[in-house]
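Shown next, in structure tokens, is the structure this report addresses.
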Amino acid sequence: MNVDVELLAMRRRAFFPGSFDPFTIGHMSIVERGLTLFDEIVIGVGCNVAKHGENVVAERVAAIEKAVSVLGERVRVTAYFDLTVDAARRSGAICILRGVRTVADYEYERTMADVNSRIDGIETVVLFARPELAAVSSSVVRELRHYGHDVSSMLP
Ligand code: ADP
């Protein structure tokens, strides 16, 4: 009994934050690869109360839950409305997990990792995008969808 409790306490959890508008195969790849490094991943859907209504948040969380259900119980999805570091700590994570596709992503992630580390001391673990997924982004999906193109190949 005690051993189980200790083992549970040792589970290494990462917090994967993002807008996920929508959740793509690029995001899915980061979660799958993250599971080889961490025991659990909490996907944090960053929300803005002014921008997102409650329904939008609930729908986005439900869609991601459905997409990651194939990965089993080591992945959980939650919405948050505050600072990423605060949501990460609340989730019990030991680090923030992010993905990098381009130099522009790198610059942004470098700055955010530095800010989050200064605020809270939390580490950020970055995984480089698989080359074949480097062009997949939520904004491309939204743009293609807007003009009526089929985006199913970019969605999990
Ligand atoms: P944000 O608005 O916080 O950047 P996104 O939903 O766009 O959130 O992305 C969440 C994380 O996933 C970011 O670290 C982003 O760089 C990463 N990411 C997005 N698309 C891909 C991809 N195709 N491959 C690897 N990482 C990705």
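Points to keep in mind about this one:
- Residues of the stretch 68-97 that turn out to be out of contact with any strand residue (DSSP E or B) (no Cβ under 9 Å at 6 or more places or on another chain) and among the hydrophobic types (A, V, I, L, M, F, W, C), as a count: 2
- Inclusion of Val151 among residues that are under 20 Å from Asp21 (Cα atoms) and open to solvent by less than 50 Å² (accessible area, probe 1.4 Å) is warranted.
- Within the set Val70, Val140, the sole residue that is more than 15 Å from Ala14 (Cα to Cα) and within 14 Å of the ligand (Cβ to nearest atom) turns out to be Val140.
Every residue, every condition in (1) within 29 Å of Gly53 (Cα to Cα); (2) hydroxyl-bearing (Ser, Thr, Tyr); (3) open to solvent by 30 Å² or more (accessible area, probe 1.4 Å), yes or no:
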site	(1), (2), (3)
Glu73	yes, no, yes
Ser91	yes, yes, no
Leu97	yes, no, no
Ile119	yes, no, yes
Phe128	no, no, yes
Val141	yes, no, no
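- Residue match in the stretch 101-108 (condition: assigned to a loop (DSSP other than H, G, I, E, B) and modelled with pLDDT of 95 or more): yes
- Every test in (1) charged (D, E, K, R); (2) modelled with pLDDT under 95; (3) in a helix (DSSP H, G or I) is passed by Arg33 save one, and that test is (2).
The values are calculated or read from the model by the stated rules, or taken from the named source; none is laboratory data. Remember, predicted model here, so these are calculated numbers, not experimental data. Please note: Cβ atoms are built from the backbone with ideal geometry, for glycine as well, and neighbour counts cover all protein chains shown. All accessible areas refer to the heavy atoms of the entire protein, side chains included, with ligands and DNA or RNA removed. Shrake-Rupley method; radii C 1.70, N 1.55, O 1.52, S 1.80 Å.
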